[in-house]
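Worksheet: the structure to be examined is printed underneath.
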Amino acid sequence: MTVAIIKYNAGNIYSVVNALRRLGIQSILTDDAETLRKADKVIFPGQGNALEAMAHLRKYRLDEEIKNLTQPVLGICVGQQLLCKHSKEGNVDCIGIFDTVVEKFLPVAHEDKVPVMGWQKIEIQRGQYQGNNLLKGLGEHPYVYFLHSYYVPITSYTIATANYILPYSACMQKDNFYACQFHPEKSGKTGERILQNFLDL
């Protein structure tokens, strides 16, 4: 199996490389379009600023390449947000897989801290996404690790939610595109299970 990790102007990418290595997968870190197209799975991770990240993706035409991928793709953290239509971070148009706008957390109480940092439980949505393969085997209320200042509102693509200040999308899916606001590579055994589920798609 070939797993390609999209190389762009973002942080935290090597923690995903290491998490895959723990699962026995040697991934390819690349910004080469042909390599991305030929990979069995593609992961789009990162931490950073949406405006700067989109400028880098457009410079190397990776935004269009990502949009046209047909194999399973997993966006993580900023990767999830960049798969949306627009981000309030830098007021920038993004890739547009998910037709929604990324919003900024606005504290409403003294104890509300932004960025959100730490472990939170997620609620897996049943309904039409019941039994979703990405989230199988996690139990009812798994805990995962978050670090972010912006969030994706709950939409028809939401397959798991989290709640900090307000409910928001912790995990999303549309066709072959999957996305997590949290960091599975930092989420212990739960995160390992999610990454393995993705590899097994």
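The values are calculated or read from the model by the stated rules, or taken from the named source; none is laboratory data. Remember, it's a predicted structure, so these values are computed and weren't measured experimentally. Every residue, glycine among them, receives a Cβ derived from its backbone with ideal geometry; neighbour counts consider all protein chains shown. These accessible areas exclude ligands, DNA and RNA; they are computed on the full protein's heavy atoms, side chains included. Shrake-Rupley method; radii C 1.70, N 1.55, O 1.52, S 1.80 Å.
Does the range 81-89 contain any residue that is within 16 Å of the chain's Cα centre (by Cα), assigned to a helix (DSSP H, G or I) and more than 18 Å from residue 183 (Cα to Cα)?
No - not one qualifying residue is present in the range 81-89.
Which residues, counting only those in the range 145-201, are part of a loop (DSSP other than H, G, I, E, B) and more than 12 Å from the chain's Cα centre (by Cα)?
Initially, the range 145-201 is screened for residues part of a loop (DSSP other than H, G, I, E, B), giving 149, 152-157, 165, 175-176, 181-183, 187, 201.
The answer is 149, 153, 154, 155, 156, 157, 165, 175, 176, 187, 201.
Quick one: in the range 177-201, which of the residues that are of a type in the set (Gly, Ala, Ser) and crowded, with 19+ Cβ neighbours inside 10 Å is farthest from residue 144 (Cα to Cα)? Even if it seems obvious, please write down each step before you answer.
Keep residues of the range 177-201 that are of a type in the set (Gly, Ala, Ser), which gives 179, 187-188, 191.
Retained after the next criterion (residues that are crowded, with 19+ Cβ neighbours inside 10 Å): 179, 187, 191.
Details: 179: 14, 187: 5, 191: 7 Å.
The selected residue is 179.
How many residues are open to solvent by less than 30 Å² (accessible area, probe 1.4 Å) and either in a helix (DSSP H, G or I) or modelled with pLDDT of 95 or more (or both) when one looks only at the range 46-55? Outline the logic, then answer.
Residues of the range 46-55 that are open to solvent by less than 30 Å² (accessible area, probe 1.4 Å), as a first pass: 46, 50, 53-54.
Remaining after also requiring either in a helix (DSSP H, G or I) or modelled with pLDDT of 95 or more (or both): 50, 53-54.
Number satisfying all stated conditions: 3.
Among (1) among the aliphatic types (A, V, I, L, M); (2) open to solvent by 70 Å² or more (accessible area, probe 1.4 Å); (3) closer than 24 Å to residue 190 by Cα; (4) touching a residue at least 40 places away in the same chain (Cβ under 8 Å), there is one condition residue 106 misses while meeting the rest; what is its number?
The single condition residue 106 does not satisfy is (3).
Among the candidates 39, 10, which residue alone is over 21 Å from residue 183 (Cα atoms) and either modelled with pLDDT under 95 or more than 17 Å from the chain's Cα centre (by Cα) (or both)? Write out each step before concluding.
On the way: 10 fails: over 21 Å from residue 183 (Cα atoms).
The unique qualifying residue is 39.
Looking at residue 27, is it touching a residue at least 24 places away in the same chain (Cβ under 8 Å), buried (at least 18 other Cβ atoms within 10 Å of the Cβ), of a type in the set (S, T, N, Q) and in contact with a helix residue (DSSP H, G or I) (Cβ under 7 Å, 6 or more places away or on another chain)?
Numbers: touching a residue at least 24 places away in the same chain (Cβ under 8 Å): yes; buried (at least 18 other Cβ atoms within 10 Å of the Cβ): yes; of a type in the set (S, T, N, Q): yes; in contact with a helix residue (DSSP H, G or I) (Cβ under 7 Å, 6 or more places away or on another chain): yes.
So residue 27 fits the description; yes.
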